[in-house]
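Following: one structure in structure tokens, then a few remarks.
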Amino acid sequence: LEDCIKDAALFDGDVAVCYENEKNLSLKSWATDKKGNIAVFVGAEGGFSATEIEMFTEKNIPAVTLGNLILRAETAAIAVAAFFCLNRL
């Protein structure tokens, strides 16, 4: 994961991480002004640990919420993809 986070910090675009304990910044709010390339990390079952989220934060990668429900990893990835498909038409 550390290598992926380091690489994400070099990504030519905007990057966020889905985190079930994020209460303030929604994916929709974060993505509102994004026009270029976007990458969104979705954790494995059980989500990211607080230590892992701190590693993202250290690289200025914000945590976003997908809402009140906690989704399975594969469902969360589909929800993120669907969100961008519908909002970037």
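The values are calculated or read from the model by the stated rules, or taken from the named source; none is laboratory data. Quick caveat, the model's predicted, so the values are computed rather than measured. In this analysis, Cβ positions are derived from the backbone assuming ideal geometry, glycine residues included, and neighbour counts consider all displayed protein chains. Side chains included, ligands, DNA and RNA excluded: accessible areas come from the protein's heavy atoms. Shrake-Rupley method; radii C 1.70, N 1.55, O 1.52, S 1.80 Å.
Annotations for the structure displayed:
- The set of residues in region 36-77 that are aromatic (F, W, Y) and open to solvent by 40 Å² or more (accessible area, probe 1.4 Å) contains only F41.
- Flag if D33 is surrounded by fewer than 16 Cβ atoms within 10 Å (Cβ to Cβ), acidic (D, E) and either touching a helix residue (DSSP H, G or I) at 6+ places or on another chain (Cβ under 9 Å) or assigned to a loop (DSSP other than H, G, I, E, B) (or both): yes
- All positions within region 8-25 that are out of contact with any Phe, Trp or Tyr (no Cβ under 9 Å at 6 or more places or on another chain), among the acidic types (D, E) and more than 18 Å from A44 (Cβ to Cβ): D12
- Residue within region 71-83 that is assigned to a loop (DSSP other than H, G, I, E, B) and either in contact with a Cys (Cβ under 9 Å, 6 or more places away or on another chain) or modelled with pLDDT of 95 or more (or both) present: yes
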